[in-house]
Every structure is written in structure tokens, then in C-alpha cells.
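One structure is given below, encoded as C-alpha cells.
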Amino acid sequence: MTSPIWHPYAHLNTQAPSPKVVGGEGPRFTLESDESLLDATCSWWCMIHGYRHPRLVRAIQRQAEELCHVMLGGLTHEPADRLARELVRVTPEGLNHVFFSDSGSVGMEVAMKMAVQYHYLRGKPAKHRMLSLMKAYHGDTAGCMAVCDPEEGMHSLFAGFLPQHRFAPAPTAPFDAEEDAVQADLDALREVLEAHHHEIAALLIEPLLQAAGGLNMTSPHYLRGARKLCDEFDVLLVFDEVATGFGRTGRMFAADHAAVTPDIMVLSKGLTGGYLGHAATLATDRVHDAFIGDSELHAFMHGPTFMGNPLACRVALESLAVFEEDDYLDRIQALNGVLREELLDDEALRVHPDVVDVRVLGATAVIEVHDAKALKGVADFARARGVWLRPFGRWLYTMPAYITSSNDLRHITGVMKHWFSTRHTPRSGRDVATHP
Ligand SMILES: *Cc1c(COP(=O)(O)O)cnc(C)c1O
């Protein structure tokens, strides 16, 4: 009998049967068939410590024996309190307040509501729209769909259902661009702000790496310029670090590359090391203090049932401790070295007729092709060689767990390159997913 599970982003007509995962260890998971696959995607980028990390497993077990859940409404507990303090410590200076929720999408919904209410409470209720970027992805809930790329994003079908926001062009200058080279991107941003700032509450940015919208990378100068523009036009700056947070770009947070503090920052995926779903929306004093007042309207009307879940907070604390004690930023730098050497320095790959661009940032690498057809069959090709790759659209990428060894990472990049070097014979196999 086919399973009643309705899989995400799946075309029911063409989807291949999903293999059953029965366990995992380090960078690999194991299938029922006994196949062991090296996970090049780190399970939608969240399993940064790999599978079955003993310290994370133990943290959950210990917390389960003490307290699995209690609401944060009118109550508090040690794991939530400690995690909030730790997040304030590790995030950019000035983000002093933490609102917990249960997923990246909800964390972004919280950020947007906070921004709108902030302006309302300051007597600017007309500032109730968002400014987002083309190629953006901020989640799948209604509020988030409305700020994803409205044309090439995943949610254009829902346009009639969604509130209308403003969009600026996606940044085009690469990560290592000089300040001058970012000016055109910033001018495009300024143009939208000049025309619409009176109705814009916040600018939403996935800093340095627009992830699900095609792994588009840009420069820290862009973030610094965006910060200035937001101050000039009284617009809050929101960094969606759901994908970039916890080391993915080579620093703890993408914001750290630019030494910029956003007004609001959202964390999720890597927050718990992927072991439980959770998110945090952080805000500066400026944002938080606007909510201090006597009217009923001063309360922030949001409260997910599972916000601050003790198991999630405890494992997030352990994740952060492992990250720091095991020098993950050094490991990420080593992974970055391998990705550069194996992909960026590979002339044959870069000039391959199917390939548009090869990009590397931190522990992220992507090979962008001209036509999604050039990736058809690559997932099966990789699986036959012991690697779990899940390309989407025109992007073949890896975001490995940080505990992946150099040899294992070379195996992943080797399979990615091998696909192109053998690609003149026609391929069969499942279609490339349109989404990560
Ligand atoms: C994954 C992602 C989200 C959504 O997070 P969920 O936990 O899947 O709801 C939001 N923003 C970015 C940048 C993401 O990569």
C-alpha cells in the first residue's frame, strides 16, 4: 500500500518512492536497504552536527527526564532563559530581546508583525508593508509567501490570496565585490525606498546568501549600504538568518561579515542543530522599547503553543556549546578550502557548456546550470555513488554538516564534478525538484 504521507514539494504523478531512513551517524544516514548515504544537503541545511551526535542526544534525554514542555505564557523556565541569554551573547551587538517560536516561517511572521506594530505604536500606521528582494525565500506560511520572489518563487499561484508588498531587484554584485561594484544594487534599493518608504515597515534580507531562491550570493558592502538606507528612510532592517545563521557563510552569522546589527534577526534551521524544530526572533532595544506603554495595543499579540519548548531550548544550548568548544568556525574554514579547491579551481567544470556559474561561500557551494534538464537524473547518479544530493531548479549544491571530513567532502564534490564530466549520454531518472 502506498503511504498516506503527503510529501513536501512533490509532484504526485512523477515522484519516485521515497526511501526509508532508519538511522544516521555523523554525516551519513542509513536506509532500510542498508545503503549508507553521505548527506550533501545536511537535511535542508539544519543538521549541522550530523546525525546522532552523542552530546545532543544526551541533552534531549536529560531534559526529557526533567521537563518536556510547559507554556511560556505567564511562566518561564531555565532552558528558555539560558538560551535567550546565549543568543543575545552570540548575535550582533544590540540584539537584546528574544521571541521564541517553532519554525523559521513563524519566526519570520513574528518579525513582520513586530515591524508593523512597531511603526503603529510610534504613530506611523501607514508603514504596514514589507520591502523584499527578488529571488527571496522567507518561508511557506501566508505572510512569508507574500514576501518570496513573486515571479520565480514557489508561490506565484497564490498571488490573489496574498497581501501585496514591494520588491527591489536581487543584488548582483558577488561576495568579494568592491564597494563601488555594489553601488548599482544599492541605487536600485534606494529607488524603491524613495518611492514607497511612507508605506514600508521593514526591509527583509537573507544576508549574503539568498538560499532557496537560487543560492544567490552578495557582498557585505550591500548589507552596510542597506543598513544606511533603512536608517535614512525610517525602515526597520530584518535579517532572515534562518539559513545563514550558525556558520553557514563562514562566520557565526552573515551579519558578522559586515559588522551590521539589523533591527530584527530571525534564526531557525541550525539553532537546535536540526534536532528539534524551533526559531528565535531577536530585536534591539529600539524595537522592543516601542512596545512599552499602557494601551492594550502595546501587547505583542503572538504566542505559539510550543514557543520556548524546553527540549528545543536545551538541545539548542548544547548545539551552541559544541559549536564553540569544537571550533566549528575553523572546521567551516577547512570545508571552504576544499570547496574552493575542488569546485572553484576546477577549470573544466567552470567552462563546461552546461554550467553558468560556480559559487562558494563558507560551507556552501553551488553549480548553477543553464537549463534544469542538465540536472535530470543527478540525484540517482549520486545515490549510486553513496551521496544524497537534492538539486532544485538550475542549482546543484552542497551544504554539508560541519563535521564532514575533507575526504567525505571531496567525495561529494567529486560526484558533482563527475556528473558533468560524463554528461553527453542521455539521462533517465526522476525530474529535478523545483524546490530545495
Ligand atoms: C528554510 C527557511 C525559512 C523557513 O523555515 P521553516 O522552518 O522551513 O519554516 C525561512 N527563511 C529562510 C531563509 C529559509 O532558508
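The values are calculated or read from the model by the stated rules, or taken from the named source; none is laboratory data. Since the model is a prediction, treat every value here as computed from it, not as a measurement. Quick reminder, even Gly has a Cβ in these numbers, built from the backbone with ideal geometry, and neighbours come from all protein chains shown.
Observations on the structure shown:
- Restricting attention to the stretch 88-134, the residues that are surrounded by fewer than 21 Cβ atoms within 10 Å (Cβ to Cβ), within 19 Å of the chain's Cα centre (by Cα) and part of a helix (DSSP H, G or I) add up to 1.
- All positions within the stretch 151-188 that are among the small types (Gly, Ala, Ser) and in contact with a strand residue (DSSP E or B) (Cβ under 7 Å, 6 or more places away or on another chain): 168, 170, 188
- Any chance residue 67 is closer than 28 Å to residue 400 by Cα and either in contact (Cβ under 8 Å) with a residue 24 or more places away in the chain or touching a Ser or Thr at 6+ places or on another chain (Cβ under 7 Å) (or both): no
- Qualifying positions in the stretch 194-213 - closer than 15 Å to residue 132 by Cβ and under 23 Å from the mean Cα position of the chain (by Cα): 201, 202, 203, 204, 205, 206, 207, 210, 211, 212, 213
- Selection of the stretch 15-66 for residues being out of contact with any helix residue (DSSP H, G or I) (no Cβ under 9 Å at 6 or more places or on another chain) and among the polar types (S, T, N, Q) yields 15, 18, 30, 33, 36, 41, 43, 61.
- If you go through the stretch 287-302 and keep only what is under 23 Å from residue 262 (Cα atoms) and not aliphatic (A, V, I, L, M), you end up with 288, 289, 291, 298, 300, 302.
- Taking the stretch 261-286 as the range and being away from the ligand (no atom under 16 Å from the Cβ) and within 23 Å of the chain's Cα centre (by Cα) as the test, the residues that pass are 261, 263, 283, 284.
- Filtering 76, 30 for residues that are of a type in the set (S, T, N, Q) and part of a loop (DSSP other than H, G, I, E, B) leaves a single hit, 76.
- Selection status of residue 115, in the same structural domain as residue 207 (by TED's automatic domain parsing) and under 20 Å from residue 236 (Cα atoms): yes
- From 293, 303, residue being within 29 Å of residue 229 (Cα to Cα) and more than 19 Å from the chain's Cα centre (by Cα): 293
- If only residues of the stretch 135-147 that are buried (at least 19 other Cβ atoms within 10 Å of the Cβ) and assigned to a loop (DSSP other than H, G, I, E, B) are counted, the one that is farthest from the ligand (Cβ to nearest atom) is 146.
Here is a yes/no grid of residues against (1) surrounded by fewer than 23 Cβ atoms within 10 Å (Cβ to Cβ); (2) within 16 Å of the ligand (Cβ to nearest atom); (3) under 28 Å from residue 125 (Cα atoms):
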position	(1), (2), (3)
183	yes, no, no
186	yes, no, yes
191	yes, no, yes
197	yes, no, yes
206	no, yes, yes
212	no, yes, no
220	no, no, no
241	no, yes, yes
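- Residue within the stretch 118-130 that is at pLDDT 95 or above, within 16 Å of the ligand (Cβ to nearest atom) and within 24 Å of residue 185 (Cα to Cα) present: yes
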